[in-house]
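Student: Right, I'll just put the structure down here and ask away after.
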Amino acid sequence: MTEHETTVDRRPEPVASDDSRSLWSELRDAIRGTNADYTRIPLRRAVFLLAVPMVLELVLESTFAVVDIWFVAKLGPSAVATVGLTETYLFLLYSIAMGLAMSVTAVVARRIGENRREDAAISAVQAIFIALLVSVPFAVVGIVWAKDLLRLMGADAWSIEHGYRYTQWMLGGNAIIMLLFVINAIFRGAGDAAIAMRVLWLANGLNIVLCPLLIFGFGPVPALGIEGAAIATNIGRGAGVALQLYVLFHGGKHIRVAWSQLALQGAVLWNIVRTSLGGIGQMIVSMTSWIFLMRILSSMGSEVVAGATIAIRIMMFTLMPAWGMSNAAATLVGQNLGAQHPERAEAAVWRIGWYNMAFTMAISVLFFFFHHDLIALFTDDAKVIDVGGEWLQILSYSYFVYGWWMVSVQAFNGAGDTMTPTRINVVFFWLIQIPLAYALAVWMGWQELGVFWAVFVSETSVGLFTLWLFSRGGWKTMKV
């Protein structure tokens, strides 16, 4: 018998029904959190208990993204463009944070599924150390060279002279972003999705209150303009991280870190780094592709960048529920593979995929008929409305594919197979999306429409291909 076999709790896959429970009872349990074993309870209930808090968590996250840009838009197109250009750099940070989070979710979920909770806690500590180490160079570069970073992206004079402090705050406080991503990934992997939800409720609730207060001022509070938006974000997220650490050390439903575990463990740390390389790679590929697209758009003026930025915020808002359900798939895949239930893991992905498709198809209808109206909620600039509306309408043509794409990618990531999505992204984003966007926008003179149609072609293709590859089942054999 191998070492792995001695540590795995080989429990039979459950078939019991739980139909006697009311919807209200299920909803209450999902929001409060439970001690449920997601490898044993009925699959429908497991999906519900994990997906509800993950969806609610990300709905508020996306609500803040929309509220934030709504207030910043009152400062003018250049302010919105500053946010959009700064986010191109934050996307690099997000790629690392999200790649690390994918690894952490996979490793922690696998250890929980194997009934090795102390090892899950040790992995959590190593992930926090990695997050702190990675954040340092981003902070230094962001604080010292903020103006140069904006200038490199083609920012206008207002952004460079007045908006650079927003960039300094956002990049300088990136450790908070890293920790928020990673620690919530720990909770999700362990099955404590309700805790991750409450953390983002606190963080983004504070953001929503502080954002207009610090941007426009009130009473003794001075109007800080676009810098106030960044300060509000850092305060809100900082409060969220404080709550995360408190709960992590005092114990959630499924995981608790002891003070004695606060030590570097090279083998565990390296396993997380090794597993996260693929996740980081897939995010860097997609995020750097977005940087190239924004660079093309910035050459067309601040109004074009502002329209694209508002459209992408609306897109993020509408996709967050689908991401929440996809995160539930990652947890269920990881835990059920750890408990030796690969068929149950696959069934969870297909079930969630159909839910996602139904949701994104409904959003497609909204985008198709009300694209200009949605952009007009944030600005009265006619050019900005036209640009953002064009992108939302183009998105509507295949938005349902995004639901399947997200859940199938998260299935690979939850299994610990982060390299497969990376290779897929290299082909579809670097080798197809970027050259196609440049060719259509610049060579053929389609301007921003060329970029939007390139995104449509590449992301529809990558979604369908990833789903086909998932259906082949190679991810079931991954070891982490």
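The values are calculated or read from the model by the stated rules, or taken from the named source; none is laboratory data. Quick caveat: nothing in here was measured; it's all calculated off a predicted structure. Cβ: placed from backbone, ideal geometry, glycine included. Neighbour counts: every protein chain shown. The protein model used for the area step is the full one, side chains on, heavy atoms only, and it has no ligands, DNA or RNA in it. Shrake-Rupley method; radii C 1.70, N 1.55, O 1.52, S 1.80 Å.
Student: When you go through Thr82, Thr86 one by one, which is the residue that is more than 22 Å from Gln282 (Cα to Cα) and of a type in the set (S, T, N, Q)?
Tutor: Thr82
Student: If you check every pair at least six apart or on different chains, which have Cβ atoms under 6 Å apart with a residue in the stretch 118-132 that is within 16 Å of Gly99 (Cβ to Cβ) first and a residue that is open to solvent by 10 Å² or more (accessible area, probe 1.4 Å) and part of a helix (DSSP H, G or I) second?
Tutor: Ser123/Val268; Gln126/Val268; Gln126/Leu269; Ala131/Leu179
Student: Please go through the stretch 209-219 and pick out each residue that is surrounded by fewer than 19 Cβ atoms within 10 Å (Cβ to Cβ) and either hydrophobic (A, V, I, L, M, F, W, C) or outside any helix (DSSP H, G or I) (or both).
Tutor: Val209, Leu213, Phe216, Gly217, Phe218, Gly219
Student: Could you check, for the stretch 414-424, whether at least one of its residues is open to solvent by less than 10 Å² (accessible area, probe 1.4 Å), of a type in the set (Gly, Ala, Ser) and under 26 Å from Ser299 (Cβ atoms)?
Tutor: No, every residue in the stretch 414-424 fails to be open to solvent by less than 10 Å² (accessible area, probe 1.4 Å), of a type in the set (Gly, Ala, Ser) and under 26 Å from Ser299 (Cβ atoms).
Student: From Val241, Val257, Val247, which residue is part of a helix (DSSP H, G or I), at pLDDT 90 or above and open to solvent by less than 20 Å² (accessible area, probe 1.4 Å)?
Tutor: Sole residue among the options that is part of a helix (DSSP H, G or I), at pLDDT 90 or above and open to solvent by less than 20 Å² (accessible area, probe 1.4 Å): Val241.
Student: Turning to a different aspect of this structure: Of (1) touching a residue at least 24 places away in the same chain (Cβ under 8 Å); (2) closer than 25 Å to Thr460 by Cα, Leu337 satisfies all except one. Which?
Tutor: The failed condition is (2).
Student: Which condition does Ile385 not pass, out of (1) open to solvent by less than 10 Å² (accessible area, probe 1.4 Å); (2) at pLDDT 90 or above; (3) of a type outside the set (Lys, Arg), if it passes all the others?
Tutor: (1)
Student: Examine the stretch 72-86 for a residue that is closer than 18 Å to Phe181 by Cβ and not aromatic (Phe, Trp, Tyr), and state whether such a residue exists.
Tutor: Within the stretch 72-86, one or more residues are closer than 18 Å to Phe181 by Cβ and not aromatic (Phe, Trp, Tyr).
Student: What tally of residues in the stretch 435-480 results from selecting those that are among the aliphatic types (A, V, I, L, M), within 30 Å of Asn271 (Cβ to Cβ) and open to solvent by 50 Å² or more (accessible area, probe 1.4 Å)?
Tutor: The qualifying residues number 1.
Student: Would you kindly identify the helices (runs of 4 or more DSSP H) lying entirely within the stretch 316-434 that contain at least 1 residues that are within 30 Å of Arg116 (Cβ to Cβ)?
Tutor: In the stretch 316-434, the matching helices (runs of 4 or more DSSP H) lie at 342-376, 399-415, 419-425.
Student: While we're here: Can you name the residue in the stretch 96-141 that is of a type in the set (D, E, K, R) and assigned to a helix (DSSP H, G or I) and, of all such residues, is most open to solvent (accessible area, probe 1.4 Å)?
Tutor: Only one residue fits best here, namely Glu118.
Student: Sticking with this structure for a sec: Only one residue in Leu49, Leu60, Leu56 is within 28 Å of the chain's Cα centre (by Cα), within 20 Å of Asn184 (Cβ to Cβ), open to solvent by less than 80 Å² (accessible area, probe 1.4 Å) and at pLDDT below 75, so which one is that?
Tutor: Going through Leu49, Leu60, Leu56 in turn, the sole match is Leu60.
Student: Next up: Picking from Trp145, Trp158, which residue would you name as being free of Cβ contacts under 8 Å to residues at least 24 places away in the same chain, more than 28 Å from Gly266 (Cα to Cα) and either open to solvent by 30 Å² or more (accessible area, probe 1.4 Å) or β-branched (Val, Ile, Thr) (or both)?
Tutor: Testing whether each residue is free of Cβ contacts under 8 Å to residues at least 24 places away in the same chain, more than 28 Å from Gly266 (Cα to Cα) and either open to solvent by 30 Å² or more (accessible area, probe 1.4 Å) or β-branched (Val, Ile, Thr) (or both) leaves just Trp145.
Student: What residue, among those in the stretch 351-367 that are among the aromatic types (Phe, Trp, Tyr) and open to solvent by 80 Å² or more (accessible area, probe 1.4 Å), is nearest to Arg313 (Cα to Cα)?
Tutor: Only one residue fits best here, namely Tyr355.
Student: Now a separate question. Select from the stretch 166-197 the residues that are within 26 Å of Val305 (Cβ to Cβ) and either more than 25 Å from the chain's Cα centre (by Cα) or among the aromatic types (Phe, Trp, Tyr) (or both) and write down the one among them that is surrounded by the most Cβ atoms within 10 Å (Cβ to Cβ).
Tutor: Tyr166
Student: Which of the residues belonging to the stretch 303-338 are at pLDDT below 85 and either surrounded by fewer than 22 Cβ atoms within 10 Å (Cβ to Cβ) or in contact with a Ser or Thr (Cβ under 7 Å, 6 or more places away or on another chain) (or both)?
Tutor: Met316, Phe317, Met320
Student: Which one of these does Phe218 not meet: (1) without any contact (Cβ under 8 Å) to a residue 24 or more places away in the chain; (2) closer than 26 Å to Ser95 by Cβ?
Tutor: It fails just one condition, (2).
Student: A further question on this structure: So in the stretch 63-84, with the set limited to residues that are touching a Cys at 6+ places or on another chain (Cβ under 7 Å) and open to solvent by 10 Å² or more (accessible area, probe 1.4 Å), which one is farthest from Asn204 (Cα to Cα)?
Tutor: That would be Phe71.
Student: A further question on this structure: Name the residues in the stretch 12-32 that are assigned to a loop (DSSP other than H, G, I, E, B) and either modelled with pLDDT of 80 or more or out of contact with any Asp or Glu (no Cβ under 8 Å at 6 or more places or on another chain) (or both), would you?
Tutor: Passing the criteria: Pro12, Pro14, Val15, Ala16, Ser17, Asp18, Asp19, Ser20, Arg21, Ser22.
Student: List, please: which pairs have Cβ atoms under 8 Å, are six or more places apart or on different chains, and start with a residue in the stretch 409-423 that is closer than 15 Å to Ala109 by Cα and end with one that is open to solvent by less than 10 Å² (accessible area, probe 1.4 Å) and not in a helix (DSSP H, G or I)?
Tutor: Hits for this filter: Phe412/Thr418.
Student: Being of a type in the set (Val, Ile, Thr) and at pLDDT 90 or above is the filter here, so list the residues in the stretch 161-188 that pass it.
Tutor: If the condition is that a residue be of a type in the set (Val, Ile, Thr) and at pLDDT 90 or above, then Thr167, Ile176, Val182, Ile183, Ile186 are the ones that fit.
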